[in-house]
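Asks: A single structure is presented below for examination.
The values are calculated or read from the model by the stated rules, or taken from the named source; none is laboratory data. All values reported here derive from a predicted model rather than from experimental measurement. In this analysis, Cβ positions are derived from the backbone assuming ideal geometry, glycine residues included, and neighbour counts consider all displayed protein chains. Side chains included, ligands, DNA and RNA excluded: accessible areas come from the protein's heavy atoms. Shrake-Rupley method; radii C 1.70, N 1.55, O 1.52, S 1.80 Å.
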Amino acid sequence: MGLLDLFRRPKLERRSSGTGYTAEIIAARQSYIAGRSGLGELTSTVQMAVSLWEAGFAMAAVTGTDLLDRRSMALLARSLALRGEAMFLIRDDMLVPVADWDLSTRNGRPRAYRLSVSEAGGGRSETALAAEVLHLRIGSDPVAPWSGSAPLRRASLTAELLHSLEAALGEVYALAPLGSLVVPMPENPEVDNETLGRDFRGRRGRVLLRESVTVTAAGGPAPAADWRPADLTPDLSRSLAAESLEAARSGILSVFGVLPGLLSPATTGPMVREAQRHLAQWTLQPIAELLAEEASAKLGAPVAIDVMGPTQSFDAGGSARAVQGLIGALAEAKGAGLSPAEIAAAFGAVDWGEALKGSPAGA
C-alpha cells in the first residue's frame, strides 16, 4: 500500500446476496412450507382419519426387529397420512425421525441423503447413505418415484371444498344474526341504515325494534305494514350446505380408506366392524407390507408386520360359520359311510389354518 493509496477511494466489494437462488429454493419447496396436504388437514374429518392410521400402526404386531416400536410406528403413520412420506435414520438402538431431507438418485432410486434432524435446542444436518435410512413413501408417481404424495394432495379439490365449507359455516354461526328480528325502515338515510346494519351483527335471538316516522300524506299514523317484523336468520337450506358438507366429508374419508358409513347416524355394529376391516385390509396392511419390505432390506433381517390380527379386523363370525359348515359336512360324510381316505381326499384342499383363523375354534 503506497502513500497515494490513502487518497484513493476504496473499491466496493460486491458479494452475491443469493436472492435468486433463495427464491428458487422457496418456489421449489413452497408446497412443503405451506403444507403439502393443503388446508383440509385442519378439519376434524381429516384428523379422525389420521388418528385411525396412527392407532392402527401403533397396534400392529412387528416381528424380526425391536427398532420399529409403537412410538415410531405411530409417528410413521401420521407422517404418511399428512405428507405421504416418512423417514427415519437408523441407529444401533433406535430410529431417529427426520424432519426434512434432500437426496440424490441413480436410476430413480435414492442413493444418498442430506438429512435435517429436529432437536429441542435447534436442528442439525447429517449426511447418510440410502442403506442408513428407512424411507417409506406412498402414492409415488413415475415422474418422481423417490417421493410420495399424501392422500389430500391427491384429492386437493375435495380438501379445499371441505375447508371452504367449514370456514363458511363457522363464519355464519359466529357473525350472522341468528334468530334476530327487525322492523324495516325504508325511509331512513343510507348512513342510518348502515349504522343499524352494524348493530345487528352478532345479536342472536333479539327482537330489534325501531320507531318509524313514515306517515301518510294527510298526516295520519304510520301504516301497519311498516311494523311487520322480518327474520334475519340466513336460509342455509337453499345453499345445500349440509348436503355439500356431507359429500365432502365422505370424499375425504374415502381417500384415507375409511368407509363413509362409519360416521353415518344410522350406522350399526356390523357396519362399524366392516369399516374397520376395510381400513385395515385395503389401506393399512398394504402399507405395512411396504414398510416390512423396506425394513427387511435395510435392517438385515426378515421383518413382518401384521395389522389385521392386533386390530381384530377379521371376520370372526364368518370364520366360525365356515368351520361349523365344515364340521357338519364331515359328520354327514361319515354318516354316509365314506371311508377316512375318501373324506381326506374330499377335504384335502381346505386350508384349515386359514379357516380356523380368528374363530373360536382357532383360539
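Asks: Gain in length, Glu342 to Met48, computed as 0.36 nm per residue apart minus the alpha-carbon separation, to one decimal in nm?
Replies: Additional length available on full extension: 100.5 nm.
Asks: Next question, about the same structure. Given the Cα-Cα distance of Arg91 and Glu119 and 0.36 nm per residue of separation, how much length would full extension add, in nm?
Replies: Gain on extension, Arg91 to Glu119, equals 8.5 nm.
Asks: Follow-up. Need one word for the range 253-333: rounded, prolate or oblate. Basis is the Cα gyration tensor (sqrt eigenvalues a ≥ b ≥ c); a/c below 1.5 gives rounded, then a/b vs b/c decides.
Replies: Verdict is oblate for the range 253-333.
Asks: Which order do Leu175, Leu165, Leu330 take when ranked by solvent-accessible area (1.4 Å probe, heavy atoms of all protein chains), largest first?
Replies: Leu175, Leu330, Leu165
Asks: Still on this structure, please answer the following. 5 Å is the cut-off here: which amide hydrogens, built 1.01 Å from N in the peptide plane, fall below it relative to Leu95, excluding neighbours closer than 5 in sequence?
Replies: So Leu95 has HN proximity to no qualifying residue.
Asks: Could you please report the charge total around Ala60, scoring K, R as +1 and D, E as -1 over all other residues with beta-carbon less than 9 angstrom from its beta-carbon?
Replies: Value of the local net charge: 0.
Asks: Another question about this same structure. Classify the range 98-138 as rounded, prolate or oblate, taking a ≥ b ≥ c as the square roots of the eigenvalues of its Cα gyration tensor: rounded when a/c is under 1.5, otherwise prolate if a/b is larger than b/c and oblate if not. Write out the running numbers ahead of the final one.
Replies: Values: a/c = 2.71, a/b = 2.04, b/c = 1.33.
In terms of gyration-tensor shape, prolate.
Asks: Next up: Starting from the Cα of Ser239, step 7 Å along the direction of its Cβ; do the same at Ala167; then give the gap between the two resulting points in nm.
Replies: The two pseudo-label positions are separated by 1.4 nm.
Asks: Between Arg111 and Leu330, what length in nm is gained on full extension when 0.36 nm per residue of separation is reduced by their alpha carbon distance?
Replies: Between Arg111 and Leu330, full extension yields an extra 73.1 nm.
Asks: Give me the distance between the Cα centres of the range 42-62 and the range 241-255, rounded to whole Å.
Replies: 19 Å
Asks: Going highest first, how would you order 284-292, 333-341 by mean Cβ packing within 10 Å?
Replies: 284-292, 333-341
Asks: Sticking with this one: Label 7 Å along Cα→Cβ of Thr63; the range 267-303 residues with amide nitrogen under 14 Å?
Replies: It comes to 302-303, nothing else.
Asks: Rounded to the nearest 0.05, what FRET efficiency do Leu157 and Asp192 give with R0 = 35 Å and r taken as the Cβ-Cβ distance? Could you check?
Replies: Calculated transfer efficiency: 0.20.
Asks: Right, another one. Which of the peptides 115-122, 94-101 is most tightly packed, and how do the rest follow, going by the mean number of other Cβ atoms within 10 Å of each residue?
Replies: 94-101, 115-122
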